[in-house]
1. Which aspartates and glutamates does LYS414 reach when only Cα atoms under 13 Å apart count, and residues fewer than 8 places away in its own chain are ignored?
2. Loop only by DSSP, 16 or fewer other Cβ within 10 Å of the Cβ. Give me the chymotrypsin sites (Phe, Trp or Tyr not before Pro) in the range 172-245 that pass, ordered by residue number.
3. How large is the helix-only mean residue ellipticity at 222 nm for the chain, computed as the sum of -39500 (n - 2.57) over DSSP H runs with n ≥ 4, divided by its residue count, in deg cm²/dmol to the nearest 500?
4. So which DSSP H runs in the chain come out at 20 Å plus along the axis (Cα) with average Kyte-Doolittle of at least 1.0?
5. Grab the beta carbon distance between PHE408 and TYR253, set R0 = 35 Å, and tell me the FRET efficiency rounded to 0.05.
6. Going by average Cβ neighbours within 10 Å, how do the peptides 311-318, 342-349 rank, with the highest at the top?
7. Please report the orientation-averaged projected area of the chain, defined via the convex hull of its C-alpha atoms, in nm².
8. Taking H placed 1.01 Å from N in the peptide plane, check which residues at least 5 places from PHE162 or on another chain put their amide H under 5 Å from its amide H.
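Just so it is clear, none of the values below were taken in a lab; they were calculated from the coordinates. Note that the coordinates shown come from a computational prediction; the quantities given were computed from them, not determined experimentally. Note that each Cβ is placed from the backbone with ideal geometry, even for glycine, and that neighbours are counted across all protein chains shown.
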Amino acid sequence: MKKSIITCLLALFLTTLALPLASAMADDAPAPTPDPSGASIGTAADVVGATAGAPTKEEMESLAATEPLAAKLADVVGHNRIAINMVWTLICGFLVMFMQAGFALAETGFTRAKNAGHTMAMNMMVYGIGMLGYWICGFALQMGGVGGVASLGGAQVLANEFTINIGGNDFGLFGTTGFFLSGVSYDAVVFSVFLFQMVFMDTTATIPTGTMAERWTFKSFVIYGFFISMFVYPLYANWVWGGGWLSTLGKFYGLGHGVVDFAGSSVVHMTGGVAALAGGIVLGPRLGKYREDGTPVALPGHHIPMAIAGCFILAFGWFGFNAGSTLAGGDLRIGVIAVNTMLASAAGAMSAMMYMWAFYGKPDISMIANGLLAGLVAITAPCAFVNSVSAVIIGAIAGVLLCVSVFFVERKLKIDDPVGAISVHGVNGAFGLLCVGLFADGVYGDALNGVAGGVTGLFYGDASQLMAQIVGIITNVVFVFIVMYVFFKVLDRIVPLRVKPEYELEGLDQHEVAVSAYPEFVLQKTHR
C-alpha cells in the first residue's frame with residue numbers, strides 16, 4: 001500500500017509539474033491570433049511559391065489592388081491548398097497511430113505466452129499515458145518555438161523558444177508555448193500538428209517496452225511513460241525539429257543544413273533505442289537467460305505469426321511515417337519517399353535472410369522480420385534525400401547491421417533484449433542519421449533549416465553535412481542515455497523496476513495486470 005501511494009504521488013507530481021510552467025509563460029503570449037475554427041487559415045498568400053509557375057508576392061499584391069474578385073478566388077485557392085495539406089497530414093498521422101497495433105503484436109509475439117497480457121497492456125497504455133504527458137508539456141517543449149508550419153498555413157502562435165546566446169548566435173533549447181494546448185495554442189493548425197507529432201512521440205515511448213518486457217513492473221512503467229513523453233523525447237526533438245540548436249548548425253557554423261532527420265531515424269527511433277539500452281542495463285536480464293558461464297539461452301517467442309503480422313502492420317504504417325513528414329499532400333516528392341521506404345524495407349529483410357543463411361545455415365524468420373524493420377528505421381532520416389539505388393544500399397546494410405548488433409548486444413554486452421529493439425531502433429537509427437550525410441544527392445531540401453540549396457551528402461560532394469549528422473548522433477547518445485540511465489536508477493530506488501522472482505517465473509499477466517492472455521493454457525497445465 002505504501003509503495004502504491006508513493007507511485008501515485010510521483011505520477012501526480014510529474015503530471016502537474018507543467019502547471020507552474022504554463023502560468024509563467026502566459027505573459028509571453030505571442031502576437032499572432034489563434035484560429036480555433038480554421039476559417040481564416042489559408043489565403044492568397046499561401047498560393048505564392050506553392051509550386052512551379054505560381055504567382056509571386058508582387059503579382060498577388062497587384063491582383064488584389066486591381067481585381068478584388070480574382071483576389072477572393074485566390075484566397076479560396078490558398079485555403080483549399082492548406083486544407084489538402086492538412087488532410088494529408090492527419091491521414092498520415094492516423095497511419096502512424098495504427099503502428100501501435102503493430103508494435104503490440106510484434107512485441108507480444110516475440111515474447112512468451114505467460115507475459116502476453118502484460119506486454120499488450122504496456123503497448124496499450126503507453127499510448128494513453130504518452131499522449132497525456134505530451135499534451136501537458138511535451139508538445140510545448142518540442143514545438144512551442146517552431147515559429148509556424150508554412151505548409152499548413154499557420155501555427156505562428158508557436159513562437160516562443162527559450163534560447164541561450166553563444167558567440168552572438170541564439171541556440172534554442174526548448175519551446176515555451178503550447179502547454180495543455182490552451183491559450184494561444186487553441187488553434188486548428190496547432191491541433192493538427194499536435195496529433196502528427198504525438199504519434200511520432202508514441203513510437204519512441206513504446207520501443208523500450210519490448211526490450212524491458214517480461215520483468216518490468218507496471219507501476220514503474222507508468223511513471224516512465226510520463227517522463228519520456230513530457231521531457232526526454234520533446235527536448236531532443238526540439239533541437240532537431242522544433243527550431244532548436246542542432247537544426248541551426250548549418251546556418252551558424254556552415255555544417256550543411258544542420259542536423260537533418262526527415263522523419264525520425266534519430267528523433268524517434270534512436271531516442272527509443274538508447275532509452276531501451278539504458279533500461280535494459282538497469283533492469284538486467286530475464287531469469288534463465290544466461291548460464292553460469294555467461295552464455296545466452298534462447299527464450300523463444302510464443303507466437304511468430306502474430307509477430308510477423310505486427311511487422312507488416314508497422315511496414316504499412318511507415319508510409320504515413322515517412323511520406324507524411326512532408327506535411328504537404330501537394331509535395332510530389334511523396335512518391336519518391338514512399339518507394340524509397342519500401343525498397344529499403346525489402347533490402348533489409350533480404351540481407352538479414354542471406355546473412356543468417358550464410359552464417360547459421362538457415363534463414364531465421366525473426367531476424368528477417370527485424371531486418372525489414374531495420375531497413376525502415378535506417379531509411380527514415382534520408383528517405384526524402386536519396387535515390388532508389390541508395391535506398392536499397394541503405395536497407396541492405398541495415399539488415400546485416402541488425403544481425404551483427406543483435407548478437408553483439410546479447411553475447412558481448414550481456415543485455416537481454418527479447419525483441420531486438422536496441423539493434424533495430426537504436427543502432428539503425430544512428431545509421432539512418434549518418435546516411436543523410438553520406439547518400440543525400442542534393443535534389444531536395446532547398447532552404448531547409450534556413451540554408452540555401454538541396455541537402456547534399458559526402459558521396460555527392462558535401463562533407464559538412466556528414467559532420468552535422470555525427471554531432472546529432474553523439475548528442476542523442478550522450479543526452480538520452482545519461483538522462484534515462486539516471487532516471488531508471490533513481491526510479492528503481494522509489495518504485496522497483498523489476499517484479500519479484502516468483503512472479504517472473506510464473507508469468508506477469510495475473511500478478512501485474514490481473515488478466516491471463518491464454519487462460520486455457522493455464523488450465524491445461526494445472527490439470528496435467
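1. GLU292, ASP293
2. Numbers: sites: PHE174, PHE179, PHE180, TYR186, PHE191, PHE194, PHE196, PHE200, TRP216, PHE218, PHE221, TYR224, PHE226, PHE227, PHE231, TYR236, TRP239, TRP241, TRP245; in loops: TYR186.
Listed in order of number, the matching sites are TYR186.
3. Numbers: 20 runs with 307 residues, N = 528.
Value at 222 nm, helices only, nearest 500: -19000 deg cm²/dmol.
4. Values: long enough: 2-16 (21 Å, 1.37); 68-109 (62 Å, 1.05); 116-133 (25 Å, 0.85); 188-211 (37 Å, 1.27); 304-323 (29 Å, 1.65); 334-360 (39 Å, 1.33); 365-380 (23 Å, 1.91); 388-407 (29 Å, 2.48); 463-494 (47 Å, 1.64).
Long hydrophobic helices here: 2-16, 68-109, 188-211, 304-323, 334-360, 365-380, 388-407, 463-494.
5. Numbers: r = 34 Å, r/R0 = 0.97.
For PHE408 and TYR253, the calculated efficiency is 0.55.
6. Numbers: 311-318: 21.8, 342-349: 25.9.
So the peptides 311-318, 342-349, ranked by packing, come out 342-349, 311-318.
7. Averaged projected hull area, Cα only: 26.7 nm².
8. So PHE162 has HN proximity to LEU173, PHE174, GLY175, THR176.
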